[in-house]
Amino acid sequence: MTPLSHSQAGIYVRVSTANQIDRDSLATQEERLRAYCVANQIHVYKLYKDAGFSAKDTNRPALKELLHDVEAGLVSSVFVTKLDRITRSTKDLLYLTEFFESTNIRFASISENIDTTSAHGRLLRQLIGVLSQFERELVAERVSVDMSHRAKQGKWNGGVVPFGYTTQELCHKRLVNTGLNDIEAASQSTSLYPEQKKLYIEPKEATIVDCIFNTFLNHNSVRKTAHALNEQGYRTRNGGHWGTVSIHRILTSPTYIGKTWYGKRKSDPVTGKLISQDKQDWIVCEGQHPSIVKDEIYERVQLMLKSISTKPTNSKRNYLLSGILKCGLCGGAMAGNTTFKKNSDKTYGYYKCVNRMQKGVEACSGLNIPSIEIEKYVVDSVLSLSENKEFLLDKQKILDLFLQNSQEENRAQDLFQLEENIQNLQTRLDNLLNALECGRIDGKDFDRRYSALKNEIEEVTSARDRLFDLINETDSTKSFLQTSFENLCSFSTNWEFLDDTGKALRLKSIVKEVRVSTQLVEIDIFIDVGEMFHTDRDSSPRPASRPRDRKATPPPGRWSPCRPRGAGAAPPGRTS
């Protein structure tokens with residue numbers, strides 16, 4: 001919609017509590033804003049009024065309505081009496097001024113002479129941005145200094161309790177989970193572990209930590225260590241199998257020799273992303289907690305890890321099914337793995353079960369699938385579907401039915417009703433505030449009725465927002481399914497001219513998941529929307545953006561994946 005002239009204004013007023021009614025009431029704010037608009041020959045399109053809402057965030061009914069009308073092109077100017085009427089958060093003010101600027105909206109605070117169409121207003125916006133960034137960086141620095149100071153004192157900085165240790169809080173949670181009430185659990189945990197935020201040895205887990213270090217010294221391999229632990233029946237704190245990542249984290253942590261450390265990763269002040277730091281830059285000090293592993297064993301492990309560390313192979317092979325290929329035995333992911341032939345530059349690509357590689361046969365007996373064979377099989381299957389006119393006609397009918405889903409009209413009516421309810425409740429709240437201003441009710445009666453109305457408004461607003469999300473999700477699903485269907489119909493077009501990245505993207509827009517085992521391959525595609533018509537009108541749909549179809553017709557021929565080493569020949573299979 002074409003933006004209107006600056007004469008079409010939205011005026012926003014807000015009070016948070018009854019304490020502001022006398023000095024800065026809604027009526028006073030509205031009167032000043034309307035007078036300003038009359039003096040400047042500006043037409044007031046609408047008054048947006050939030051009565052009884054804090055400015056700590058932007059989750060307010062009238063403000064949301066204002067921003068929606070701005071996006072719709074119904075409002076071209078926004079006026080407030082003071083900046084703190086629209087927000088008290090520097091972050092939110094920066095967001096709102098950026099939003100108004102991006103939509104070519106004039107935003108002004110009439111009391112503070114701030115107008116984003118002026119050089120002064122734009123300078124203020126830049127200063128707000130600089131101050132906001134400064135505030136974020138200052139807070140980050142303070143937190144970093146405090147945590148560094150704690151580490152130097154030998155204190156644990158919190159977070160996930162390292163395996164092998166426990167804390168008063170963790171013990172309390174475990175006791176509550178066993179059925180003890182909160183008071184008994186607190187009493188027992190305090191008796192066992194007197195100091196809060198201090199690490200204490202957990203005997204059963206500490207035994208496993210010892211086993212991890214000793215097993216690594218015997219095998220000189222993180223992967224073999226994980227496999228050995230799983231084969232011996234050792235499990236993680238949550239009862240899962242050990243993987244290479246968790247084993248490596250334990251082997252390299254100074255915590256187990258009684259040290260505290262800080263600075264392993266630091267957050268970038270601009271992006272907020274964590275960046276790994278060199279080990280020599282870590283702060284490592286004597287901790288206040290007991291050690292589990294002897295210093296000499298820990299140092300031997302570090303030397304061995306350094307000697308076996310290798311950089312990942314720089315393979316140019318692209319794996320089309322990365323991210324969508326799953327092991328049919330354990331359900332875990334299968335990752336591309338490139339093998340180099342000895343004394344040759346020739347490479348071989350395989351998809352291997354990640355659980356089998358990282359956790360061993362206790363987690364999964366594992367599959368080892370040649371990448372060329374499984375990729376060709378999946379591509380041929382999708383190609384077969386794209387040329388199956390009966391299948392495409394059937395899916396087109398289902399898709400058309402979904403696109404014409406009658407729920408849209410019902411949801412639109414529900415949304416209109418919720419918006420009407422919010423307006424009625426807001427009017428009742430306004431009348432209540434006017435009654436307090438005029439002295440028709442006392443403060444005690446006002447507080448009771450005000451709280452009830454505000455809770456009701458929040459509930460209805462929450463229901464409206466959920467319905468908004470459901471409508472938006474349905475719209476996104478329709479667009480996604482339509483694109484997926486069009487990609488399937490045109491799958492063979494220019495396929496041979498696409499590079500590996502283009503082929504992978506085309507394939508992943510059609511195929512949701514591929515599960516492969518020694519007996520069959522299952523291919524789930526996105527465009528089966530039939531199950532979505534079985535949801536109730538007022539319920540959220542089952543993952544609408546991820547429907548699937550298990551009726552993919554196989555291409556001619558048989559599937560014969562490679563069996564794990566030592567296994568016999570694979571039986572013929574099918575694509576389901």
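Pairing residues of region 138-161 that are small (G, A, S) with residues that are exposed (fewer than 11 other Cβ atoms within 10 Å of the Cβ), at Cβ distances under 9 Å and at least 6 apart in sequence or on separate chains, gives A140/G272. In the set S189, S221, only one residue is in contact with an Asp or Glu (Cβ under 8 Å, 6 or more places away or on another chain) and either in contact (Cβ under 8 Å) with a residue 12 or more places away in the chain or surrounded by fewer than 18 Cβ atoms within 10 Å (Cβ to Cβ) (or both); that residue is S189. Of the residues contained in region 21-33, none is found to be farther than 20 Å from T103 by Cα, at pLDDT 90 or above and part of a strand (DSSP E or B). Determine whether T87 is closer than 18 Å to Y36 by Cα and among the hydroxyl-bearing types (S, T, Y). Against the criterion (closer than 18 Å to Y36 by Cα and among the hydroxyl-bearing types (S, T, Y)), T87 does not qualify.
Residue count for region 475-510 under the criterion of being within 19 Å of I324 (Cα to Cα), in a helix (DSSP H, G or I) and not charged (D, E, K, R): the result is 12. Please enumerate the residues belonging to region 288-319 that are touching a strand residue (DSSP E or B) at 6+ places or on another chain (Cβ under 9 Å) and modelled with pLDDT under 90. Listed by number, the residues that qualify are T313, S315, K316, R317, N318, Y319.
Exactly one of (1) farther than 30 Å from K224 by Cα; (2) in contact with a helix residue (DSSP H, G or I) (Cβ under 9 Å, 6 or more places away or on another chain) is unmet by D380. Its number? Condition (2) is where D380 drops out. Yes or no: G272 at positive phi and either within 31 Å of the chain's Cα centre (by Cα) or modelled with pLDDT under 80 (or both)? Judged against the criteria, G272 is a match. The criterion of being acidic (D, E), over 19 Å from W261 (Cβ atoms) and assigned to a helix (DSSP H, G or I) holds for E141. Looking at this structure, is N434 over 23 Å from A27 (Cβ atoms) and either in a helix (DSSP H, G or I) or among the aromatic types (F, W, Y) (or both)? The answer is no for N434. Could you list all residues from region 30-46 that are in contact with a strand residue (DSSP E or B) (Cβ under 7 Å, 6 or more places away or on another chain) and of a type outside the set (A, V, I, L, M, F, W, C)? E30, R34, Y36, H43, Y45, K46, listed by residue number.
Scanning region 319-356 for residues that are touching a residue at least 12 places away in the same chain (Cβ under 8 Å) and among the polar types (S, T, N, Q), which turns out surrounded by the fewest Cβ atoms within 10 Å (Cβ to Cβ)? Selected residue: T347.
In the condition set (1) surrounded by fewer than 18 Cβ atoms within 10 Å (Cβ to Cβ); (2) under 30 Å from L274 (Cα atoms); (3) more than 32 Å from the chain's Cα centre (by Cα), A206 is compliant with all but (1). Listed conditions (1) surrounded by fewer than 16 Cβ atoms within 10 Å (Cβ to Cβ); (2) of a type in the set (V, I, T); (3) under 16 Å from D50 (Cα atoms); (4) touching a residue at least 40 places away in the same chain (Cβ under 8 Å) are all met by I457, apart from (1). Scoring K376 on the criteria (1) within 20 Å of E522 (Cα to Cα); (2) charged (D, E, K, R); (3) surrounded by 15 or more Cβ atoms within 10 Å (Cβ to Cβ) leaves a single failure, condition (3). Please work out if E184 is modelled with pLDDT of 90 or more, under 23 Å from M304 (Cβ atoms), loosely packed, with under 15 Cβ neighbours inside 10 Å and not polar (S, T, N, Q). Taking the combined requirement at face value, the residue does not satisfy it.
For region 209-218, the set of residues classified as of a type in the set (V, I, T) and either in contact with a Ser or Thr (Cβ under 9 Å, 6 or more places away or on another chain) or surrounded by fewer than 16 Cβ atoms within 10 Å (Cβ to Cβ) (or both) consists of I212, T215, listed by residue number. One residue stands out in region 83-120 among those that are without any contact (Cβ under 8 Å) to a residue 40 or more places away in the chain and in a strand (DSSP E or B): the one that is nearest to the chain's Cα centre (by Cα), namely F107. Check region 58-74 and report whether any residue there is modelled with pLDDT of 85 or more, in contact with a His (Cβ under 6 Å, 6 or more places away or on another chain) and assigned to a loop (DSSP other than H, G, I, E, B). No, because not a single residue in region 58-74 is modelled with pLDDT of 85 or more, in contact with a His (Cβ under 6 Å, 6 or more places away or on another chain) and assigned to a loop (DSSP other than H, G, I, E, B).
Of the residues making up region 365-375, not a single one is at pLDDT below 80 and touching a Gly at 6+ places or on another chain (Cβ under 9 Å).
The number of residues in region 376-423 being under 16 Å from C489 (Cβ atoms) and either modelled with pLDDT under 85 or not in a helix (DSSP H, G or I) (or both) comes to 15.
If the condition is being modelled with pLDDT under 55, outside any loop (DSSP other than H, G, I, E, B) and either in contact with a helix residue (DSSP H, G or I) (Cβ under 6 Å, 6 or more places away or on another chain) or under 20 Å from S492 (Cα atoms) (or both), then region 511-547 contributes only G530.
The values are calculated or read from the model by the stated rules, or taken from the named source; none is laboratory data. This is a predicted model, so every value here is computed, not measured. Neighbour counts run over all protein chains shown; Cβ positions are idealised from the backbone, glycine included.
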